[in-house]
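Below: one structure, written as structure tokens.
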Amino acid sequence: MKKVLFFLIFCLFSCQGYTFWIWSPKTQKWKNPNYSPLATPYLQYREALKLFEEENYKDAYHEFKKLIVHYPDAREAAEAQYHVARCLEKLDKPYEAFLEYKKIADTYPNSQRISEVAEREYSIGEFFLNREHKKWLGFSVYDFVEHPSVEIFKTIVDKSPYSEYAPRAQYKLGIIFIQLGRYDEARDAFQKVLDNYPDSEWAAPSKYQLAIATAKAFPGADYDSSYLEEATDRLDEFIKAHPEAQISSQAQDQLDELRDREARKNFDIAEFYYKQDHFKSAVLYYQKIVTEYPDSSYYETALEKAQELDELIRGDISKSEFEKMRKRQEAEIQQAEKTRAREEKIRRKKELKEQKKQEKLLLIKQRKEEKDKIRQEKIAKIQAAKAEKQALIDKKRSEKKALAEKKLQERQELIRAKKQAQELKRQEKLRRIEEKEKQKEALRQEKLRRIEAKKKEKEAARQEKLRIQKEKKELEKNIKPKEFNQVRGILDQKRLRGYFG
């Protein structure tokens, strides 16, 4: 039983294998026709291109791969490699497509598709750059692995340094590094744009982004402001060189922020000297803020501090006296503030009370208006219901009246039709009676005519008989008996002939 089962399984797999694999006597190997290319690379390329144009990208990918594997040195191999990447793009595999595009520059550097490859690679890099990446527990996946756009844009810059997409890719590298918080690398990327592509359209925004990256790379040490000064200088340079650029306003805002930072740094130094009783040094830094950073948020405070210390220095007042005087002034200011706050509190309380009163009156008015509105709506609904009911009653009444009128008309029509039928019947009866009377009269006249005709015939017969008798008598007188009988016979015949004739 086991042997039979094994034999059946072997036959099953043998049949299945036979449908896909064929023994080649030439190579002495089994081969699968599905994995074998056509006879020439041109035929193979046309077959794959046909599938690509039919949007059968999966099968087209495999057919182009066959050409590359079996005909790597053919003229069509570079085109096949390009279409392999296009198929992967169509199948929503952008990074795999980039890897295939990369092989074109490595394997087929003389391909006519090099500039187009750079464009396709740049669009893939843009896709990864603009794609939103999620974070888990405050960490992004790109905190552990390299951003794919970095690899893609670096490849464009390295493999196609003279294409129109090289300066764009170099600029976008700096943008990616800023997004990832790698500001030193961003500064290097933007600096390469200025060094390698100074005449490109990306040089101007690179100056601005370089200043931003420099500012963000500021380490925060109080004694070192080299990054901050460099950023300020670059922003000043960019605004002066490109006043018409759209990002000049942004650069101006950034410059104001950087100057505010510089003012804060000088203000901290002045405060340090003030705490150490070095009033003259403190005044220098306060005055520096007043003269060099008039638009900063520290200007007013620095101006007040500089005036106070100037009075202190000129009046030769000790620090303790100055502190007492300052505390007294602060106490007076605080008292004035308290008085003002109390008055403000009373004023606000009155305003609040008046506001509450007005709100209460407004609320009462609103409620009254709402009640009136509800009442009006209720009245309107009742009136609408009454109107609807009356309209329904009128409609029913009119329908009933119309129905009664219709019935009356039908009844009148029926009576009229009945009368017409009766009149027709009476006329027909009279006509028949008249016809019968006419027939009777005609029969009576015919009968009278026949009676008259019979009378006439009888009278004629009687006259004829009298005439014959008269003739007979005359003959009897004039003719002998024998002749008389002959004549009488002739007369009888004539008589008969005339009677029936």
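The values are calculated or read from the model by the stated rules, or taken from the named source; none is laboratory data. Note that the structure is a prediction, hence the values are computed from the model and not measured. Cβ: placed from backbone, ideal geometry, glycine included. Neighbour counts: every protein chain shown.
Listing for the model above:
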| quantity | calculated |
| --- | --- |
| Answer residue from the stretch 297-337, given it is modelled with pLDDT of 75 or more and touching a Phe, Trp or Tyr at 6+ places or on another chain (Cβ under 6 Å) and is nearest to residue 259 (Cα to Cα) among those | 298 |
| Checking residue 95 against (1) within 25 Å of residue 47 (Cβ to Cβ); (2) in contact with a helix residue (DSSP H, G or I) (Cβ under 8 Å, 6 or more places away or on another chain), the condition it does not meet | (1) |
| Any hit, the stretch 277-287, residues being aromatic (Phe, Trp, Tyr), modelled with pLDDT of 75 or more and not in a helix (DSSP H, G or I) | no |
| Which listed residue, of 262, 237, is assigned to a helix (DSSP H, G or I), in the same structural domain as residue 209 (by TED's automatic domain parsing), modelled with pLDDT of 65 or more and not basic (Lys, Arg) | 237 |
| Pairs with Cβ under 9 Å, 6+ apart, first in the stretch 40-62 and part of a loop (DSSP other than H, G, I, E, B), second modelled with pLDDT under 90 | 40/71; 40/74 |
| Tabulated pairs, the stretch 98-121, first touching a residue at least 24 places away in the same chain (Cβ under 8 Å) and more than 15 Å from residue 77 (Cα to Cα), second in a helix (DSSP H, G or I) and acidic (Asp, Glu), C-beta under 7 angstrom, 6+ apart or interchain | 98/121 |
| Condition met for residue 366 (modelled with pLDDT of 90 or more and in a helix (DSSP H, G or I)) | no |
| Boolean, residue 152 is within 36 Å of the chain's Cα centre (by Cα) and either over 17 Å from residue 114 (Cβ atoms) or buried (at least 18 other Cβ atoms within 10 Å of the Cβ) (or both) | yes |
| Candidate set: the stretch 90-122, residues that are closer than 11 Å to residue 156 by Cα and within 33 Å of the chain's Cα centre (by Cα); chosen: the one surrounded by the fewest Cβ atoms within 10 Å (Cβ to Cβ) | 119 |
| Filter result (out of contact with any Ser or Thr (no Cβ under 6 Å at 6 or more places or on another chain), closer than 28 Å to residue 104 by Cα and not in a helix (DSSP H, G or I)) within the stretch 160-200 | 160, 161, 162, 164, 197, 200 |
